[in-house]
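K.L.:
Dropping the structure in here first, questions after.
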Ligand code: NCD
């Protein structure tokens with residue numbers, strides 16, 4: 001793997017080895033190898049530390065840097081699609097694209113469009129993988145270990161991307177995690193579920209800030225992400241109820257566990273100061289060190305990507321769509337439905353559809369118009385195995401792989417029979433392929449695929465579980481279930 005897009009893609013070994021390299025570069029300095037590399041630094045969203053530390057890191061390694069710091073003054077302001085902007089920098093022969101974008105999945109989309117490696121400096125509220133790598137480095141440096149520690153994340157756990165990727169990373173270590181946030185900006189439930197699944201371990205969700213200070217080894221403070229709240233007075237009102245709720249003062253640290261380190265991805269917000277200035281002088285304050293570590297970590301990342309062929313973990317195999325069909329045996333060429341009302345001579349018979357579900361089946365197959373294709377629809381028939389079932393027969397038509405994937409999204413138990421001259425010649429169960437392209441609309445409005453963002457990124461989902469159905473958006477990483485799934489038809 002050569003891209004750095006989501007912490008989810010990284011193995012613990014890759015993370016640990018980056019931490020080692022970054023700490024070594026910090027201790028020993030770095031000498032350019034002489035490799036002639038060009039890095040494009042494309043910041044579609046504001047940044048101070050991430051952008052400048054990437055650019056400084058690239059220069060320290062002897063690379064050239066092009067790009068822009070914010071869309072002001074670029075054609076992004078004229079409405080240029082993201083894919084065009086990034087493609088152009090590849091055309092200018094940049095060897096890697098470092099980018100930050102407000103849409104979730106933007107870096108993944110860019111990586112799909114480009115040959116060159118993409119390193120994300122943050123995608124909306126989703127991920128900030130390189131920040132997490134420098135956070136892990138700072139924890140390792142201060143405590144000499146990560147395993148066995150207690151970590152609290154405090155503040156905006158809903159919109160803050162740094163805590164999202166940190167939570168994913170901590171799922172790869174043996175740590176205790178506690179989440180301290182006002183209800184309105186709590187960690188999204190699906191992220192907590194993902195962590196629990198990865199760790200087989202619970203997570204403590206608590207409003208008790210003082211207990212966290214006393215009991216944890218790492219206190220990760222965050223800014224309330226005002227810019228990600230809904231626009232208008234409603235968003236403002238929401239923001240005001242949560243701003244300034246958790247504030248750390250030096251005095252509160254008197255009760256801290258010995259060795260507690262206070263981290264913050266920065267910037268802190270000068271109007272409400274979630275970390276009061278008097279904390280800066282305490283030995284617990286490690287956020288300035290943490291920010292400096294960004295330079296060493298980004299040197300380690302750039303060299304790994306540009307000079308050492310990337311990471312050990314292989315990315316998910318895309319574009320392979322194993323058959324969505326499990327062959328079933330046909331009992332001596334049975335005639336299908338000869339005793340029932342749905343006798344079919346040539347075509348496809350979809351049997352064992354969950355009772356009441358035939359309408360959805362017709363809809364996904366584009367067969368609502370009964371006049372164009374001769375159809376047989378039987379509802380609520382009695383079935384030995386399922387009690388009641390629906391059956392759909394499509395005269396003179398064999399289903400394509402694409403039809404089968406669509407079908408599998410709306411029914412989990414149907415059997416498909418291919419009928420020729422009144423006999424079943426093939427019979428099978430339909431299965432969901434592991435990759436589902438172009439069929440499901442991601443419901444996350446901040447996703448790069450959402451039509452309201454006009455980025456024209458194609459829909460792609462992975463099948464994570466079949467019963468109950470859970471799909472995951474390839475871009476913004478949010479899961480969706482059969483209940484809240486919207487089909488693109
Ligand atoms: C953070 C970010 O942009 O996600 N800052 C950073 O990169 N160091 C956090 C923030 O903006 O609050």
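K.L.:
Output the peptides 402-410, 450-458, 430-438, 234-242 sorted from most to least packed, where packing is the average of other Cβ atoms within 10 Å over each peptide's residues. Each step should come with its number before you reach the end.
P.N.:
Values: 402-410: 21.1, 450-458: 15.6, 430-438: 18.1, 234-242: 13.7.
Highest-to-lowest ranking by the protection proxy: 402-410, 430-438, 450-458, 234-242.
K.L.:
Let me check against my output: what whole-number percent is the relative contact order of the chain, with C-alpha pairs under 8 Å and at least 6 apart? Walk me through the intermediate numbers first.
P.N.:
Working: 990 pairs, mean separation 68.3, N = 489.
Dividing the mean separation by the residue count of the chain yields 14 percent.
K.L.:
For the range 155-261, report the % of Cα-Cα distances exceeding 24 Å. Each step should come with its number before you reach the end.
P.N.:
Details: 1538 of 5671 pairs.
That fraction is 27 percent.
K.L.:
Have a look at the range 260-317 and give its Rg and Dmax from the Cα atoms, expressed in angstrom.
P.N.:
Cα-based Rg and Dmax for the range 260-317 come out at 16.8, 50 Å.
K.L.:
Moving on to the next point. What percent does the relative contact order of the range 426-489 come to when contacts are Cα pairs within less than 8 Å and at least six residues apart?
P.N.:
Numbers: 106 pairs, mean separation 20.5, N = 64.
The normalised contact order for the range 426-489 reaches 32 percent.
K.L.:
While we're here: Quick one: in the range 43-115, what % of C-alpha pairs are over 17 Å apart? Spell out each step's value before the answer.
P.N.:
On the way: 1173 of 2628 pairs.
Distances greater than 17 Å cover 45 percent of the Cα pairs.
K.L.:
Further question: What translational diffusion coefficient, to the nearest whole µm²/s, does the range 192-323 have by Stokes-Einstein, given a Kirkwood radius computed over alpha-carbon pairs, a temperature of 37 °C and 0.692 mPa s viscosity? Don't skip to the answer; put the middle values down first.
P.N.:
On the way: Rh = 18.4 Å.
Stokes-Einstein gives a translational diffusion coefficient of 178 µm²/s.
K.L.:
Determine the shape class of the range 57-96: with a ≥ b ≥ c the square roots of the Cα gyration tensor eigenvalues, call it rounded for a/c under 1.5, and otherwise prolate if a/b is greater than b/c, oblate otherwise. Write down the numbers at each step before the final one.
P.N.:
Working: a/c = 3.65, a/b = 1.75, b/c = 2.08.
The shape class here is oblate.
K.L.:
Let me ask something additional. Using Cα pairs closer than 8 Å and at least 6 residues apart in sequence, work out the relative contact order for the range 60-202, in percent. Provide the component values of the computation, followed by the final result.
P.N.:
Values: 182 pairs, mean separation 22.7, N = 143.
Computed value for the range 60-202: 16 percent relative contact order.
K.L.:
Using only helices, what value at 222 nm comes out for the chain when you add -39,500 (n - 2.57) per DSSP H run of length 4 or more and divide by the total residues, to the nearest 500 deg cm²/dmol?
P.N.:
Values: 12 runs with 139 residues, N = 489.
After summing the helix terms and dividing by residue count, I get -8500 deg cm²/dmol.
K.L.:
Here is a follow-up. Nearest-5 percent of antiparallel DSSP beta bridges in the chain?
P.N.:
Details: 41 of 74 bridges.
Among the beta bridges of the chain, antiparallel pairing accounts for roughly 55 percent.
K.L.:
Using the Kirkwood radius built from alpha carbon pairs, what does the Stokes-Einstein equation give as D for the range 410-487 at 20 °C and 1.002 mPa s, in µm² per second?
P.N.:
Numbers: Rh = 14.1 Å.
Translational D for this selection: 152 µm²/s.
K.L.:
Still on this structure, please answer the following. Highest mean first, how do 362-368, 6-12 rank when packing is the count of other Cβ atoms within 10 Å averaged over residues?
P.N.:
Values: 362-368: 17.1, 6-12: 19.0.
Going from most to least packed, we get 6-12, 362-368.
K.L.:
Using alpha carbons only, how many degrees (0 to 90, rounded to 10) separate the axis of helix 12-28 from the longest principal axis of the chain?
P.N.:
20 degrees
K.L.:
How big is the Cα convex hull of the range 23-162 in projection, averaged over all directions, in nm²?
P.N.:
Numbers: hull surface 39.9 nm².
For the range 23-162, averaging the hull's shadow over all directions gives 10.0 nm².
K.L.:
Over the Cα atoms of the range 1-102, what radius of gyration and what Dmax do you get, in Å?
P.N.:
Expressed in Å, the Cα Rg and Dmax of the range 1-102 come to 15.2, 45.
K.L.:
Determine, at each q value in 0.19, 0.23 (inverse angstroms), the log₁₀ of I(q)/I(0) that the Debye formula gives when each Cα of the range 95-200 is one equal point scatterer.
P.N.:
Reported log10 I(q)/I(0), two decimals: -1.00, -1.25.
K.L.:
Quick one: what do you get for the chain if you divide its Cα Rg by 2.2 N^0.38 Å?
P.N.:
Values: Rg = 26.7 Å, N = 489, 2.2 N^0.38 = 23.1 Å.
Normalised by 2.2 N^0.38 Å, the Cα Rg of the chain equals 1.15.
We did not get these values from a lab; they are worked out from the coordinates using the rules stated. If you're wondering where the values come from, they're calculated on a predicted model, not measured in any experiment. Positions of Cβ are backbone-derived with ideal geometry, glycine not excepted, and every protein chain shown enters the neighbour counts.
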